[in-house]
1. With just the Cα atoms defining each centre, how far is region B:233-312 from region A:42-120? Give it in Å.
2. Would you mind listing the distances between the B:Gln356 label point and the same position in each other copy? Use 7 Å along Cα-to-C-beta, nm, one decimal, shortest first.
3. Could you give each residue of region B:122-131 its phi-based ³J(HN,Hα) in whole Hz, using Karplus coefficients 6.51, -1.76, 1.60 with θ = phi - 60°, and x for Gly or Pro?
4. HN-Hα J couplings of region A:265-280 from phi, Karplus 6.51/-1.76/1.60, θ = phi - 60°, integer Hz, Gly and Pro as x?
5. If you build a Gaussian network model of chain B, linking Cα atoms that sit under 10 Å apart, which residue out of B:Asn66, B:Asn173, B:Asn187 swings the most?
6. Taking a point 7 Å out from Cα toward Cβ as the label site, list the nm distances between C:Ala78 and the same residue in every other copy, smallest first.
7. Taking the simple approach of a point 7 Å from Cα along Cα-to-Cβ for both C:Trp136 and A:Arg298, what is their distance in nm?
8. Within the accessible area of region C:145-215, what % is carbon and sulfur when the probe is 1.4 Å and the other protein chains stay in place?
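The values are calculated or read from the model by the stated rules, or taken from the named source; none is laboratory data. Predicted, not measured: the structure shown is a model, and the values here were computed from it. A quick note on method: Cβ atoms are made from the backbone with ideal geometry, for glycine too, and the neighbour counts reach across all protein chains shown. SASA here: full protein model, heavy atoms, side chains in, ligands and nucleic acids out. Shrake-Rupley method; radii C 1.70, N 1.55, O 1.52, S 1.80 Å.
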Amino acid sequence: MWMDANVEVKGANGSRASIRQHVLNGLLLFTGDMRHLDTYMQDKLFVLQLAVGVLRGVAMVTLANNPLSGALIVIALAWSSPWMSLLGTLGVLASMLTALITGQDSATVTAGVHGYNGMLVALLMGASSSAGDWYWWLLLPACFGSATCVFLYNSLSSVLDRWDLPVSVFPFNTVIILYLLCTGPNNPYFPHHPTLPPGALEPNKTDLIAAEVMRGMVLGVGQIYACEEMAPSLLILGAVLLYSPLMLLHALVGSAVGMLAGLSMAVRHECLYSGLSGFNGALGCMSIGGLCFVFNWRIHLLAVAGAFISSYLDIALGNLLGTVGLPACSWASTIIVTLMLLLTGSVTMYRIPRDQVMAPEHNVSFHRSWKPGKAAEAEDTDVNN
Amino acid sequence: MWMDANVEVKGANGSRASIRQHVLNGLLLFTGDMRHLDTYMQDKLFVLQLAVGVLRGVAMVTLANNPLSGALIVIALAWSSPWMSLLGTLGVLASMLTALITGQDSATVTAGVHGYNGMLVALLMGASSSAGDWYWWLLLPACFGSATCVFLYNSLSSVLDRWDLPVSVFPFNTVIILYLLCTGPNNPYFPHHPTLPPGALEPNKTDLIAAEVMRGMVLGVGQIYACEEMAPSLLILGAVLLYSPLMLLHALVGSAVGMLAGLSMAVRHECLYSGLSGFNGALGCMSIGGLCFVFNWRIHLLAVAGAFISSYLDIALGNLLGTVGLPACSWASTIIVTLMLLLTGSVTMYRIPRDQVMAPEHNVSFHRSWKPGKAAEAEDTDVNN
Amino acid sequence: MWMDANVEVKGANGSRASIRQHVLNGLLLFTGDMRHLDTYMQDKLFVLQLAVGVLRGVAMVTLANNPLSGALIVIALAWSSPWMSLLGTLGVLASMLTALITGQDSATVTAGVHGYNGMLVALLMGASSSAGDWYWWLLLPACFGSATCVFLYNSLSSVLDRWDLPVSVFPFNTVIILYLLCTGPNNPYFPHHPTLPPGALEPNKTDLIAAEVMRGMVLGVGQIYACEEMAPSLLILGAVLLYSPLMLLHALVGSAVGMLAGLSMAVRHECLYSGLSGFNGALGCMSIGGLCFVFNWRIHLLAVAGAFISSYLDIALGNLLGTVGLPACSWASTIIVTLMLLLTGSVTMYRIPRDQVMAPEHNVSFHRSWKPGKAAEAEDTDVNN
């Protein structure tokens, strides 16, 4: 229903209902994957195509393949910090241009596939830098790091393709860890804050404030973009809602699960309040429940289980990497989603092939029409073999 | 011969010899893989099948796929510590039930395949906990950790299947390390003892006691179940003997090799005395010499080499992980056995396909009958191609 | 042209030019891969074949598959330190004999394939040992470590073959790290110097000396053999030149790139002066620009990019492993070259299949004759499919 918005409404009885329906349909055009925009842009200027690709790349960080969501997120980042917004956009551009120069397929590039890793690298470099905003030298490693992501993306995809696995944000996680290792806290050119492990070194002395934890749950989604303020985080949630309400639900559930996991392991209160405990759970829950599998109740439970495992793995990795002052980034959710995609058994029949992933609402309606056909096809195959 | 016990003895000349033979055959029924039990259990209650599966799962930790061995081991653990025995059994049950709920093949589940990782996770959680016995909250992570093993087992098998490699205890090793990382030594809910690296930080001051090292060699087999007492370790050795004498031989040889490796690297004396230096060697030697390859003298040498490499790798990993207070678990033997299974060259002709692995004695007799057939088949293939 | 040296020169007008041409052709016989030597040696004594294999193995550390280069390098090492030269040669021999004993293909063994990992292990054990030269007990771990490389080489090749990737020096890097972890700095039998991370813990106080950095650039190539002296390093450069001038160019460019990367990250000055910052860049640049791809300007840029990424990765890994006193060895270049070989897209058409890798000059001339054929073949395939 959500996705059939551009289907014509026939035989509307009342004109007011018809108009309301038309407006609604018009609005729905801006939700979901907006594939119709691609067909519309096909014969437009390449720069415009690239701009749409950049916005898609920005939004794909939070798994929402929608250029309007991307625009909202850029605004949210600019609201929170113009310098971070600049860095992020530059990161997307740098990696997309590298992809073009190294001869990647230009349709893939304008789809924004090579953008999100570069954006995250540039954002996290900015967030971890202790040289303050508008430290222009940082643009150098930001561009170099974003460009490296393209190579890594390409190489990893050769290996992961064998199992039809997405490369996801493995390049970002690798590059940012290597950058932080390369520079170290006292580097004269690119200093950065060392990260503390989430596990409390001494018992938390203050009492836990429930309202702050609730706040942290919302900030958990903002932390995907290293954003720690409330209003921009709400705008980012709005961007996710624009893409798909089911996705928003999974984001909030995942973030809440992350808070629970953090509480059960008695992590430092700052981790809970800032949302750092939540964002891996949110990403894991969104990927499993929203994108990689067709939504239903079994998959929803799997997504919640995935969010729990992601969150615990995040605490574990955070404690390990924290011993050398490194953050755990989004390693946890990336690894867990990859492992969940490798699951065999009855769950595979809900798995969506990597090249057919779209907004969850579309996946559900697509799966309904597609299941009988597939079953018939399977029967045919049985007969033929 | 060992395995042909249920073949009828025909034309026995002396009746006394015949009776002796019958008794022997009856006894031999309880050794090896006891596949006949599976056919007998097929139409029994599912709970009984599950109980046999649990016992198989318990014994498969030490690679012995025999429910009676499993029963002996549960008794040995209960003798050493009833709390550990409870934890271990709960771990097997938790992971087997998770496997059933998530829709794994029920025949695989009742074969105990999903049990041993869960058991090890629960046992090691108990052994590393510093909250003392009967700390009931520990059942929570034990169940959750055991359940996670099932997911991990399933995902890893998708990848490792490409090379016909067993998943082995990779899930256990991963989950226990992550649990220990998650909680940390000072966790208010789940505190645990940090592990010291095996490498001595300062020269061993006391003289080495040879008798203690010999004792450590036996304890090395008990350490597979985190059991550090002599009598239960002997019972565990008995359980291995019941499965296969060749297996017992390899266990003791491997443990001895581990002691030698530990001595040559001057590890702390406690590591030698407690058997911690021996158990990776034992596991490596048993896997290579007993299960994965058909036993002969070349394979025996390979098994000894594997035990040496496993033991040295264990010391290396122990020193590395010990810097952050983590144990090396059985990573060393698991990795080395996996690498040995990847060997190409003349050794591959003794490798047993993963789904045909049985007790070593059966493998030998099976291989004898199977070699000519295979050669003939290979010739056929050559002709056809 | 370089490789067509043994083609007869017909119809030379002037006899002096003809003689000069003949002499040149004679000299060119000793350059490149010297495949003709293999055909000449075929029916010679096995010991002689093995000796040639040892020399090839020695040279293949620096990617030059030429026995004369190997001889030059052995001389260079003996010049720098006879003990290291002995260790290195013993390492090659130990691993080649292990390969023969474990039933590897003897043609592969005499080609030196199993030698270079063993040599590096033995050399690095000697270089890191703090027990001084001529500490005879070191021969024990050197032989054992070199032998282990053969197993690891074989196992890894089973996995990497799927993607047509070379095993390269992964076994060396693994074995030496494990050896250093196993022994630890205070081991009573095999003590070694802990390695400092390249990142400066406090700002470099002295000014940078440009001449020393230039010197470090040359030493960077010597550091491939853990050699820190000028004259032997020049001899090693000569050995590379004998194999291929293009290779030498890439070695120097790569080493220079490594220096630049080190400067940009403000590493300790000793790392620059000793050439430690350069050798990963050199190895990465040589592999990508020389061996794995057909040389042209695009590939040259790729090689420079690869050298940069290798050098930064080396600093990152050095900082990480330095926290536990370990060196980063040549992990960086090995990983980056492997990833570059996995690249998809337009670069793949210059990639040389693993079993056809020869000296870069030969690759270029071979590629010229081979491209039209391949294109024609591709067309045929298109028609047929």
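1. Result: 56 Å between the Cα centres.
2. 3.8, 3.8
3. These are the phi-based 3J(HN,Hα) values: 5, 4, 5, 4, x, 5, 8, 5, 9, 8 Hz.
4. Values, residue by residue: 9, 6, 6, 4, 4, 4, 4, 6, 5, 7, x, 5, 6, x, 6, 5 Hz.
5. Looking only at B:Asn66, B:Asn173, B:Asn187, the largest GNM fluctuation is found for B:Asn187.
6. 7.2, 7.2
7. Distance between the two pseudo-spin positions: 7.0 nm.
8. 65 percent
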